[in-house]
Amino acid sequence: MAAKTAAVALDRLAAVLGHRFDDAAILEQAVTHASATSPARPDNQRLEFLGDRVLGLIVAEALLEAYPGEAEGTLAPRFNALVRRETLAEIAAEIGLGEFLRLGRSEAISGGRKKKAILADALEAVIAALFLDGGMAVARRFIVARWQARIDAPDTAPMDAKTRLQEWAQGGGMATPVYSVTGRAGPDHAPRFSIQVKLESGETASGAATSKKQAEQRAAAALLARLGLNGDDDDQG
């Protein structure tokens, strides 16, 4: 009876995703959290790894098409906002993915079906399942359908990494982050700068680019990632 119920749930999820799976086991794995794993039931972590790359490629391609006149420095923060945990969790909630997750008892009791980290990881795994079962065209169709409105939204260029880091630091009572040039390479017509950013609390990160401005942005983004601030850092799941 339980197996039949599980199969019905997978069929319902497949309908939500808009794809009929030849291999239902790959979809089952995509919704299986590590807390519910067993020798006969692998979790979704490997699929999550693949889905992250598939999502990144398709979103990057969509951004290039949607904003043909924008430079990398503007596209990058748009991209980061579209693939961050918060956005993934929002889309997972929109399709009701939490209902279909296979969770261990303690994780289910603690509200795992609503945790942003779990939802985001599961959505990446589902994207990988779509890719493996149906190919890139199937994965692209799902991603475009769910992300296009966010890609096209007017006046929603996300806050750049330097501004986010500065606001976070100041919100914590710290001074403005300090940026310093730590290296310069290449010829004069094509230099490459290395920049380090440091917080008053001592945390540092580095970034490199062909301009100081972009190197600072990359250093700030790296420090945000190190601090766990690229998504909702208050819900690590």
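Bear in mind these aren't lab numbers, they're just calculated from the coordinates by the rules spelled out. Quick caveat, the model's predicted, so the values are computed rather than measured. Every residue, glycine among them, receives a Cβ derived from its backbone with ideal geometry; neighbour counts consider all protein chains shown.
Highest GNM mean-square fluctuation among Arg141, Arg53, Arg105, for the chain modelled with Cα contacts below 10 Å: Arg105. Dipole magnitude for the chain: computed about the Cα centre from +1 point charges on Lys and Arg Cβ and -1 point charges on Asp and Glu Cβ, it is near 260 debye. Computed about the Cα centre, the dipole magnitude for region 161-226 is approximately 180 debye when only Lys and Arg (+1) and Asp and Glu (-1) carry charge, each at its Cβ.
For Asn44, the residues whose modelled amide H falls within less than 5 Å of its own, excluding neighbours fewer than 5 places apart on the same chain, are Thr32, Ala34. Where does the longest stretch of the chain lie that holds no GluC sites (Glu not before Pro) found in a DSSP loop with 14 or fewer other Cβ atoms within 10 Å? By the stated rule (loop sites, at most 14 other Cβ atoms within 10 Å), 71-199.
Here are some pairs, Lys115/Lys198; Lys162/Lys212; Lys116/Lys162; which of them have Cα atoms lying more than 20 Å apart in this structure?
Lys115/Lys198; Lys116/Lys162
Across the alpha-carbon atoms of region 161-226, the computed radius of gyration and Dmax are 12.1, 41 angstrom. Per-residue 3J(HN,Hα) values for region 94-107, derived from phi via the Karplus relation 6.51 cos²θ - 1.76 cosθ + 1.60 with θ = phi - 60°, read 4, 8, x, 5, x, 4, 9, 6, 9, 10, x, 4, 5, 5 Hz in sequence order (x marks Gly and Pro). Name the most mobile residue of Leu227, Leu103, Leu119, meaning the one with the largest mean-square fluctuation, in a Gaussian network model of the chain with Cα contacts below 10 Å. Highest fluctuation of the listed residues: Leu227. Given that just one value was derived from the coordinates, which of (1) 126; (2) 145; (3) 155 is volume of the Cα convex hull per residue in Å³? For volume of the Cα convex hull per residue in Å³, the calculated option is (3). The string of couplings for region 204-211 from the Karplus curve (6.51, -1.76, 1.60, θ = phi - 60°) is 9, 7, 10, x, 9, 6, 7, 9 Hz, one whole number per residue in order, with x for Gly and Pro.
Taking the chain as a Gaussian network of alpha-carbon nodes connected by springs under 10 Å, the highest mean-square fluctuation of the residues His33, His189, His19 belongs to His189. Proximity of backbone amide H atoms, modeled 1.01 Å from N, is registered between Ala205 and Val197 at under 5 Å, excluding neighbours fewer than 5 places apart on the same chain.
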